[in-house]
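First comes the structure, then the notes that go with it.
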Amino acid sequence: MLNKKNSAPTEDQEQITFVNCFRAKYKEILIFHIPNGEFRHKSTAKKLKTLGVVSGIPDLFIPEYNLWIEMKRTKGSSTSDKQKEIILYLNSIGHKAVICKGYKEAIMAVESVIGW
């Protein structure tokens, strides 16, 4: 289903497509979502922050390959300064962190790291 305001699939739709493709291809490899970006009540957000939630963490992580993926929609999205900072940090400590505009870029990123 496309977003009526913008004819490109939403970030969630792109991520769902990518995760489904990944899990179909690599059933034995763990991939998971870090739910950082959703709106929360102020008290919930404060509690999560004290529990260790960090702003800017990429959306997906594949621990076996230290691969972090920040998903974006193909049109009408931007990367925050905090996200860029976190991605630079992760890459500086030997992880691979990428920004992918759409599920096809995410597939290409995985392909470049582990093969598809």
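Just a few scattered comments:
- Modelled spin labels at K47 and K25, positioned 7 Å past Cα toward Cβ, are 3.9 nm from each other.
- Ordering Y103, Y26 by accessible surface, largest first, gives Y103, Y26; the 1.4 Å probe counts only protein heavy atoms, with every chain in place.
- Surface accessible to a 1.4 Å probe, T10 within the full protein complex, Å²: 40 Å²
- For segment 22-75, a simple Cβ point-charge model (Lys and Arg +1, Asp and Glu -1, everything else neutral) yields a dipole of about 340 debye relative to the Cα centre.
- Shown are K101, K42, K72, whose ranking by accessible area with a 1.4 Å probe and every protein chain present, most to least, is K42, K101, K72.
- Take the Cα of Y65, step 7 Å toward its Cβ, do the same at S77, and the gap between the two points is 1.8 nm.
- Contact order, relative form, for the chain: 27 percent (alpha carbon pairs under 8 Å, 6 or more residues apart, mean separation divided by residue count).
- Label zone of M108 (point 7 Å out along Cα→Cβ, amide N under 14 Å): in segment 72-91 this covers 72, 74-75.
- Set of lysines near K27 by C-alpha distance (under 29 Å), chain-local residues within fewer than 8 positions excluded: K72, K96, K101, K104
- Accessible surface comparison of L30, L60, L51, probe 1.4 Å, protein chains only, largest first: the order is L51, L30, L60.
The values are calculated or read from the model by the stated rules, or taken from the named source; none is laboratory data. Everything numeric here is computed off the predicted structure, so don't read it as measured data. Counting neighbours? That spans all protein chains shown, and the Cβs are built from the backbone with ideal geometry, glycine included. Surface accessibility is based on the protein's heavy atoms, side chains included, excluding ligands, DNA and RNA. Shrake-Rupley method; radii C 1.70, N 1.55, O 1.52, S 1.80 Å.
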